[in-house]
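Student: Please see the structure below; I have some questions.
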Amino acid sequence: MLALRYMRSRRSRWLPSAIAGLSVTGITVGVMALIVVMSVMNGMRDEMISKLIGVNGHIFVQPIDTPLTDYRELTKQLKAIPGVTFAFPMVESAAGISSPQQQTGALVRGVTEEDLKRLPGIVGNVRQGTLEHFDDRDNPGVVLGQRMAETLGVQTGDKVSILTAKGAQTPFGVTPRLKAYPVKAIYQSGLYDFDQLIVFMPLAEAQAFFDRPDEANIIEGFVAHPDKVDDVRAAIVQTVTRPIMLTDWRQRYKSFFDVLKVESDAIFLILAIIVAVASLLIVQGLILLVKDKGRDIAILRTMGATRGSILRVFILTGLSIGAIGAVLGAALGVPLALQLEDIRAFINRTFGLNLFPADVYHLSQLPSSLDPHEVIGVAIMTLCLSFLATLYPAWRAARLDPVEALRHE
């Protein structure tokens, strides 16, 4: 009761209440910003992982010493390993791709129709055309990403030309190989770089085009639990007898996710400073409050209140400020984090802006993933900082001498 009453100043001393209001406002803004930003960083990480391992696999098996002509047997061995949900062979090579309007570089991947339909980043994301009859030997075609299709200015049914420098061997050397293919489907994985770069071609056609008869150069696999890929790696090493180079998604994208983690930690630290500054205002406000309530404290002491009681009163006052700010910040931050993409779309439509452009952030939408544990962690951190901020003013209030405080009354 005393702690809550002390948060309201006397009419002649409005400054402590004003500082308490500023403290609540600062803590509210800081907590709200922390929740929203951490949700965005979590969403970006989850979205990047789902997109990266939606078009690419979790594990990658490449040959050593000898070409991968036994890819069928090796794929069967991988599929039989517990934890591996899907594995498929692939011919992968860089090439040039052009249309009558434009030309650009591409990463051509030769896969079978059955395997292409099982890729998480492709299935359900075909925007034009169909994947049916993708393996048609009489009329082989390609599947493009939406960004590449926009760059080349083509749609389904149009033809694109693919060029590779590793063509036929002639007496005059290796000649480039150029062939036109119809666009059978256009997909949108949601990851800007992939939609701009990757082209899918039937496996048999890719083997012929890149001069790899009955051969693959990589086998990709998907596992049930990507975070537990080490268990699958150990099983693969024990099962596969031929020389291979084995990598997983963490190794391929380690630098990318390391940078993302550093950015997340740095942003968290910067925004936590806002809460820390607001906590310093609690110190200032409580010091003024102790000075303002000096006579009241002295009277309480003469009536039998202990120093511990006075200490608890001012600690509870500061904690009340921190708790109010944490609750208000969470009440504003959680709905904002949950509706962030809708808010971004509304602002873009209303003001004609382009917040969060896809070509810069490599994502077509602003992702947000609210973690309840982080919300609780932010609230606990706020209460801890508020508690630390109350210790010195509360200690001064508890040490106040009643005789000195009432000497001139």
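Student: For residue 114, which of the numbered conditions (1) at pLDDT 90 or above; (2) within 30 Å of residue 233 (Cα to Cα); (3) surrounded by 15 or more Cβ atoms within 10 Å (Cβ to Cβ) fails to hold?
Tutor: Against the list (1) at pLDDT 90 or above; (2) within 30 Å of residue 233 (Cα to Cα); (3) surrounded by 15 or more Cβ atoms within 10 Å (Cβ to Cβ), residue 114 comes up short only on (3).
Student: Give just the number: which of (1) of a type outside the set (A, V, I, L, M); (2) modelled with pLDDT under 90; (3) surrounded by fewer than 21 Cβ atoms within 10 Å (Cβ to Cβ) does residue 58 not satisfy?
Tutor: (3)
Student: May I pose another question? Would you point out the residue of segment 175-208, among those that are of a type in the set (Ser, Thr, Tyr) and open to solvent by 10 Å² or more (accessible area, probe 1.4 Å), that is nearest to residue 65 (Cα to Cα)? Outline the logic, then answer.
Tutor: Kept after step one, since they are of a type in the set (Ser, Thr, Tyr), are these residues of segment 175-208: 175, 181, 187, 189, 192.
Those still in the list that are open to solvent by 10 Å² or more (accessible area, probe 1.4 Å) too: 175, 192.
Values: 175: 26, 192: 35 Å.
Among them, the one singled out is 175.
Student: May I ask you to verify whether residue 318 is in contact with a Pro (Cβ under 9 Å, 6 or more places away or on another chain), open to solvent by less than 70 Å² (accessible area, probe 1.4 Å) and of a type in the set (Gly, Ala, Ser)? Please lay out each step first, then the result.
Tutor: On the way: in contact with a Pro (Cβ under 9 Å, 6 or more places away or on another chain): yes; open to solvent by less than 70 Å² (accessible area, probe 1.4 Å): yes; of a type in the set (Gly, Ala, Ser): yes.
For residue 318, the condition - in contact with a Pro (Cβ under 9 Å, 6 or more places away or on another chain), open to solvent by less than 70 Å² (accessible area, probe 1.4 Å) and of a type in the set (Gly, Ala, Ser) - is met.
Here's the yes/no breakdown for (1) touching a residue at least 40 places away in the same chain (Cβ under 8 Å); (2) under 20 Å from residue 203 (Cα atoms); (3) within 32 Å of the chain's Cα centre (by Cα):
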| position | (1), (2), (3) |
| --- | --- |
| 119 | yes, yes, yes |
| 122 | yes, yes, yes |
| 125 | yes, no, yes |
| 129 | yes, yes, yes |
| 134 | yes, yes, no |
| 140 | yes, yes, no |
| 143 | yes, yes, yes |
| 148 | yes, no, yes |
| 151 | yes, no, yes |
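Student: So, one more: Could you tell me whether residue 297 is in a helix (DSSP H, G or I), modelled with pLDDT of 85 or more and crowded, with 18+ Cβ neighbours inside 10 Å? Let's see the steps before the verdict.
Tutor: On the way: in a helix (DSSP H, G or I): yes; modelled with pLDDT of 85 or more: no; crowded, with 18+ Cβ neighbours inside 10 Å: yes.
No.
Student: Regarding segment 92-99, can at least one residue be identified that is modelled with pLDDT under 90, of a type outside the set (Ser, Thr, Tyr) and either more than 21 Å from residue 52 (Cα to Cα) or open to solvent by less than 50 Å² (accessible area, probe 1.4 Å) (or both)?
Tutor: There is no residue in segment 92-99 that is modelled with pLDDT under 90, of a type outside the set (Ser, Thr, Tyr) and either more than 21 Å from residue 52 (Cα to Cα) or open to solvent by less than 50 Å² (accessible area, probe 1.4 Å) (or both).
Student: Of all residues in segment 381-402 being assigned to a helix (DSSP H, G or I) and open to solvent by 90 Å² or more (accessible area, probe 1.4 Å), which is modelled with the lowest pLDDT? Before you say what the answer is, go through the steps one by one.
Tutor: The first filter runs over segment 381-402 and keeps only residues assigned to a helix (DSSP H, G or I), leaving 381-398, 402.
Next, from what is left, pick out any that are open to solvent by 90 Å² or more (accessible area, probe 1.4 Å): 388, 392, 395-396.
Working: 388: 90, 392: 88, 395: 89, 396: 85.
Looking at the filtered set, the residue picked out is 396.
Student: Just the residues that are among the charged types (D, E, K, R) and open to solvent by less than 40 Å² (accessible area, probe 1.4 Å), please, taken from segment 239-279.
Tutor: At the first step, the residues of segment 239-279 found to be among the charged types (D, E, K, R) are 242, 248, 250, 252, 254, 258, 261, 263, 265.
Correct list: 242, 248.
Student: Moving on to the next point. Taking only segment 11-32 into account, find how many residues are at pLDDT 85 or above and either in contact with a helix residue (DSSP H, G or I) (Cβ under 7 Å, 6 or more places away or on another chain) or open to solvent by less than 40 Å² (accessible area, probe 1.4 Å) (or both). Talk me through it step by step, then tell me what you get.
Tutor: Pass one, segment 11-32, residues at pLDDT 85 or above: 24-32.
Still in the running and either in contact with a helix residue (DSSP H, G or I) (Cβ under 7 Å, 6 or more places away or on another chain) or open to solvent by less than 40 Å² (accessible area, probe 1.4 Å) (or both): 24, 26-32.
Total satisfying the criteria: 8.
Student: Can you tell me how many residues in segment 275-294 are assigned to a helix (DSSP H, G or I) and of a type in the set (Lys, Arg)?
Tutor: Start the filter on segment 275-294 by keeping residues that are assigned to a helix (DSSP H, G or I), which leaves 275-292, 294.
Now narrow it down to the ones that are of a type in the set (Lys, Arg): 291.
So the count comes out to 1.
Student: So residue 338 ticks every box in (1) buried (at least 17 other Cβ atoms within 10 Å of the Cβ); (2) within 36 Å of the chain's Cα centre (by Cα) but one. Which box is left unticked?
Tutor: So residue 338 meets the others, but not (1).
Student: Are there helices (runs of 4 or more DSSP H) fully within segment 150-250 with at least 1 residues that are of a type in the set (D, E, K, R) and more than 22 Å from residue 130 (Cβ to Cβ)? List them.
Tutor: Correct list: 192-197, 229-239.
Student: Follow-up question, since we're still on this one. Within segment 257-266, work out how many residues are of a type in the set (A, V, I, L, M, F, W, C) and at pLDDT below 85. Can you show your working first?
Tutor: First pass over segment 257-266, keeping only residues of a type in the set (A, V, I, L, M, F, W, C): 257, 259-260, 262, 266.
Imposing the further condition that a residue be at pLDDT below 85 reduces the set to 257, 259-260.
Matching residues across segment 257-266 total 3.
Student: So residue 332 ticks every box in (1) free of Cβ contacts under 8 Å to residues at least 12 places away in the same chain; (2) crowded, with 17+ Cβ neighbours inside 10 Å but one. Which box is left unticked?
Tutor: It fails just one condition, (1).
Student: Could you list, in sequence order, the residues of segment 122-142 that are touching a helix residue (DSSP H, G or I) at 6+ places or on another chain (Cβ under 7 Å) and open to solvent by less than 10 Å² (accessible area, probe 1.4 Å)?
Tutor: 122, 134 - these are the residues of segment 122-142 that are touching a helix residue (DSSP H, G or I) at 6+ places or on another chain (Cβ under 7 Å) and open to solvent by less than 10 Å² (accessible area, probe 1.4 Å).
Student: Got a sec? Which of 211, 231, 227 is open to solvent by 10 Å² or more (accessible area, probe 1.4 Å), modelled with pLDDT under 90 and out of contact with any strand residue (DSSP E or B) (no Cβ under 9 Å at 6 or more places or on another chain)?
Tutor: On the way: 211 fails: out of contact with any strand residue (DSSP E or B) (no Cβ under 9 Å at 6 or more places or on another chain); 231 fails: out of contact with any strand residue (DSSP E or B) (no Cβ under 9 Å at 6 or more places or on another chain).
That would be 227, the only listed residue that is open to solvent by 10 Å² or more (accessible area, probe 1.4 Å), modelled with pLDDT under 90 and out of contact with any strand residue (DSSP E or B) (no Cβ under 9 Å at 6 or more places or on another chain).
Student: Let me ask something else. Can you pull out every residue in segment 324-370 that is modelled with pLDDT under 80 and among the small types (Gly, Ala, Ser)?
Tutor: The answer is 352, 358, 364.
Student: Just the residues that are under 23 Å from residue 385 (Cβ atoms) and open to solvent by less than 50 Å² (accessible area, probe 1.4 Å), please, taken from segment 282-292.
Tutor: 282, 283, 285, 286, 289, 290
The values are calculated or read from the model by the stated rules, or taken from the named source; none is laboratory data. Bear in mind that the values here come from a model prediction, so they are computed numbers and not experimental data. Every residue, glycine among them, receives a Cβ derived from its backbone with ideal geometry; neighbour counts consider all protein chains shown. Each accessible area value is taken on the protein alone, full model and side chains, heavy atoms only, with ligands, DNA and RNA left out. Shrake-Rupley method; radii C 1.70, N 1.55, O 1.52, S 1.80 Å.
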